[in-house]
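S.K.: Submitted below is the structure of interest, expressed as structure tokens.
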Amino acid sequence: MTPPDLDRTNALFLDLDGTLLEIAETPESVVVPPGLPQLLENLRAQLGGAVAIVTGRSIGVVDDLLNPFVATAAGEHGASLRWQDGKIEEMPKGLAVPEAWREALVAAAERWPGVLVEPKPHGVAIHYRLVPERGNDVWRLVRALVPQDHPWFRLIPAREAVEIGPRAASKGHAVEQLMARQPFQGRRPIFVGDDFTDEAGMEAARQFGGQGLRVAEVFGGQPAAVRAWLTRGVELLSGRNGSPAVSVGAAP
């Protein structure tokens, strides 16, 4: 399977970790290739603003990572949404993981060296990438906290991690909301992602007549290949007006 050529009717919805950025041992140790923010800015210019980051990260962390690029974005799998005009809509504060759950996860991480807790405004993730043998312990704990039929929260599997987040939030719903407004409305969306949480976004893109591209299937599991495809997209689009493209390959 090969990725499509971008054209001016597209809208882009891009996951971050594992899609634009290589997965790192810890959330804080990801490396952002120096040219990536400018590449995203060039894409936004060529697509009339129709570029969004749709991620499990909070919007504040997205801004820190992609500075100076300020994205239209869905953070925490859609629990927060920033529109093109900069307005941010959040799920109600009451739909945040209870403090008692956060404390239980932190206490467990203190007993299990190498297990990391990543707090978020609405949710919390617990990572066991550094100690995969703790995976079963982590899952037993989060399942005890959040039963399968919990009305407000759900467990979100990730790569050697699991997140507790609001049940009402999903990347699919985020795509639907963004597609209902300009500059996304009426365009053919392409959603690019790498894991379970991205499937809902891909399906939403297909419902709007677009495509969902899995990094493993279409890009050989390589974020560098995603960035190369986006770079080629800028070159293709800007070739019609002479604007320069920025090449972004492997992270340093």
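S.K.: How far apart, in nm, are two points set 7 Å out from the Cα along the Cα-to-Cβ line at VAL131 and at GLU89?
M.R.: Each label point lies 7 Å from its Cα, and together they span 4.2 nm.
S.K.: Here's a follow-up. Roughly what angle does helix 99-111 make with the longest principal axis of the chain, taking Cα atoms, 0 to 90 degrees, to the nearest 10?
M.R.: On a 0 to 90 degree scale, this one is about 80.
S.K.: What share of the DSSP beta bridges in segment 94-166 is antiparallel, in percent to the nearest 5?
M.R.: 100 percent
S.K.: When you count, for each residue, the other Cβ atoms within 10 Å and take the mean per peptide, how do 51-59, 64-72 rank with the highest first?
M.R.: Order by mean packing, descending: 51-59, 64-72.
S.K.: Name all residues of segment 141-176 having a backbone nitrogen under 12 Å from the label point set 7 Å from the Cα of ARG111 along its Cα→Cβ direction, giving them as ranges.
M.R.: Once the point is set 7 Å along Cα→Cβ of ARG111, 141-142 turn out to lie under 12 Å by backbone N, inside segment 141-176.
S.K.: Kindly express, to the nearest 10 degrees and within the range 0 to 90, the angle between helix 36-46's C-alpha long axis and the longest C-alpha principal axis of the chain.
M.R.: Its long axis makes an angle of about 50 degrees.
S.K.: What is the dipole size for the chain, taken about its Cα centre, with +1 at each Lys and Arg Cβ and -1 at each Asp and Glu Cβ, in debye to the nearest 20?
M.R.: The calculation lands at about 540 debye.
S.K.: Provide, for q = 0.15, 0.17, 0.18, 0.19 Å⁻¹, the log10 of I(q)/I(0) from a solvent-free Debye sum over equal Cα point scatterers in segment 94-166.
M.R.: Log-scaled intensity ratios, in q order: -0.42, -0.54, -0.61, -0.68.
S.K.: For segment 147-220, restrict the atom set to alpha-carbon positions and state the Rg and Dmax in Å.
M.R.: Final numbers for Rg and Dmax: 13.7, 39 Å.
S.K.: Also, I was wondering about something else. Who wins for biggest fluctuation among ARG206, ARG181, ARG111 in a Gaussian network model of the chain, springs between alpha carbons below 10 Å?
M.R.: Comparing ARG206, ARG181, ARG111 in the GNM, the peak value goes to ARG111.
S.K.: Translational diffusion coefficient, Stokes-Einstein: compute it for segment 71-212 using the Kirkwood radius over C-alpha pairs as Rh, at 37 °C and 0.692 mPa s, and state it as an integer in µm² s⁻¹.
M.R.: Diffusion coefficient, whole number: 203 µm²/s.
S.K.: Which whole-number percent is the relative contact order of segment 94-166 (Cα, under 8 Å, 6+ apart)?
M.R.: For segment 94-166, the relative contact order is 32 percent.
S.K.: Further question: Among DSSP beta bridges lying fully in the chain, give the percent that are antiparallel, nearest 5.
M.R.: Within the chain, antiparallel bridges account for around 55 percent of the total.
S.K.: Choose one answer from LEU237, LEU130, LEU47: the residue with the largest mean-square fluctuation in a GNM of the chain with alpha-carbon springs under 10 Å.
M.R.: Taking springs between Cα atoms under 10 Å, the residue moving most is LEU130.
S.K.: Projected onto the charge dipole of the chain (+1 at Lys/Arg Cβ, -1 at Asp/Glu Cβ, origin at the Cα centre), which of PRO223, TRP112, ALA169 gives the Cα projection farthest towards the positive end?
M.R.: Checked the options; the winner is ALA169.
S.K.: Right, another one. Note the per residue figure in Å³ for the convex hull of the C-alpha positions in the chain.
M.R.: Here the figure is 123 Å³ per residue.
S.K.: Against the longest principal axis of the chain, how steep is helix 135-145, in degrees 0 to 90 to the nearest 10, with axes from Cα atoms?
M.R.: The two axes meet at around 80 degrees.
Values in this text are rule-based calculations from the coordinates and carry no lab data. Just so you know, these numbers come straight off a predicted model, no measurement behind them. Note that each Cβ is placed from the backbone with ideal geometry, even for glycine, and that neighbours are counted across all protein chains shown.
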